[in-house]
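Since the structure comes first, as structure tokens, the remarks are kept for the end.
The values are calculated or read from the model by the stated rules, or taken from the named source; none is laboratory data. Values in this document were obtained by computation on a predicted structure and should not be read as measured data. Note that each Cβ is placed from the backbone with ideal geometry, even for glycine, and that neighbours are counted across all protein chains shown.
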Amino acid sequence: MNLTVNGKPATIADENPVSITDLLEKLQVEQREYVTVELNGDILDRGDFEGATVKDGDTVEFLYFMGGGR
Amino acid sequence: MIEIPADILEKVILHSQSGFPLEACGILGGTGNAVASHYPMTNTDASNEHFMMDPKEQFAVVKALRASGEEMQVIYHSHPESPARPSQEDIRLALTPNVHHLIVSLQDRENPVAKAFRINAGVVETVEIIITV
């Protein structure tokens, strides 16, 4: 499956739809609990990571929470 | 070491001061270790003690940086009433790799203090700021 991840081509060795949860694992994203994901331009709710799937040609962006405090 | 143009550092400090008493936050882009662009962001926490950036704005900035051939160089935020040093929460939430963290202290509002850090896996390292013209 060929995707665009954070602006770069990425190939996932899986021809079937893959959940966002599984995709982040396959991409070896660390501290996944702090990641926000955008799929084809739409920001996903964290509760949808298991149910939302990516397919060939999809565009995925992910980034970490940016926060802090005094 | 991080190079920040004087006008951008001034904008960061002005953004921090205009946001007072709330924490202000933003992103600086550039190439190498040189800052070239400034993106003030919304603090969705609207708090005097915390900040959290809006994910929608974050994605927009990342894409804008990519389109202009720049990378995220600095994540900045203000400390309205505490020193320019990373708090435990700052350290815990320093998750984005390969960026500098700039903190503007407004503890003395007439004399803001800006300091830069690298934070990796809980380890804080002070980074020299070179102000360029």
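Would you confirm whether any residue within the range B:29-42 is more than 13 Å from residue A:70 (Cα to Cα), of a type in the set (Phe, Trp, Tyr) and more than 10 Å from chain A (Cβ to nearest Cβ)?
Yes - at least one qualifying residue is present in the range B:29-42.
Which condition does residue B:122 not pass, out of (1) surrounded by 15 or more Cβ atoms within 10 Å (Cβ to Cβ); (2) farther than 14 Å from residue A:67 by Cβ, if it passes all the others?
Among (1) surrounded by 15 or more Cβ atoms within 10 Å (Cβ to Cβ); (2) farther than 14 Å from residue A:67 by Cβ, the lone unmet condition for residue B:122 is (1).
On the basis of being within 26 Å of residue A:63 (Cα to Cα) and more than 14 Å from the chain's Cα centre (by Cα), does residue B:120 make the cut?
For residue B:120, the condition - within 26 Å of residue A:63 (Cα to Cα) and more than 14 Å from the chain's Cα centre (by Cα) - is met.
Just the residues that are within 20 Å of residue B:53 (Cβ to Cβ) and β-branched (Val, Ile, Thr), please, taken from the range A:33-59.
Answer for the range A:33-59, where residues must be within 20 Å of residue B:53 (Cβ to Cβ) and β-branched (Val, Ile, Thr): A:35, A:36, A:37, A:43.
All but one of (1) more than 14 Å from chain A (Cβ to nearest Cβ); (2) assigned to a helix (DSSP H, G or I); (3) touching a residue at least 24 places away in the same chain (Cβ under 8 Å) hold for residue B:18, so report the exception by its number.
For residue B:18, the exception is condition (3).
Condition first: within 11 Å of chain A (Cβ to nearest Cβ) and either within 19 Å of residue B:128 (Cβ to Cβ) or among the aliphatic types (A, V, I, L, M) (or both). Now tell me which residues in the range B:91-105 satisfy that.
B:91, B:93, B:94, B:95, B:99, B:101, B:103, B:105
How many of the residues in the range B:64-90 are of a type in the set (Lys, Arg) and more than 8 Å from every other protein chain (Cβ to nearest Cβ)?
Residues in the range B:64-90 being of a type in the set (Lys, Arg) and more than 8 Å from every other protein chain (Cβ to nearest Cβ): 1 in total.
Touching a strand residue (DSSP E or B) at 6+ places or on another chain (Cβ under 8 Å) and more than 10 Å from chain B (Cβ to nearest Cβ): does that describe residue A:63?
Here the answer is no, as residue A:63 does not meet what is asked.
For (1) out of contact with any Ser or Thr (no Cβ under 9 Å at 6 or more places or on another chain); (2) over 21 Å from residue B:96 (Cβ atoms); (3) exposed (fewer than 14 other Cβ atoms within 10 Å of the Cβ), each residue gets a yes or a no:
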position: A:14; (1), (2), (3): yes, yes, yes
position: A:50; (1), (2), (3): no, yes, yes
position: A:54; (1), (2), (3): no, yes, no
position: A:62; (1), (2), (3): no, no, no
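Which one of B:133, B:127 is at pLDDT below 95 and either closer than 16 Å to residue B:9 by Cα or surrounded by 17 or more Cβ atoms within 10 Å (Cβ to Cβ) (or both)?
After applying the criteria, what remains is B:133.
Mind checking which pairs have a first residue in the range B:93-115 that is without any contact (Cβ under 8 Å) to a residue 12 or more places away in the chain and a second that is crowded, with 18+ Cβ neighbours inside 10 Å, Cβ under 6 Å, 6 or more apart or different chains?
Final answer for the pair search is B:93/A:67; B:93/A:68; B:95/A:64.
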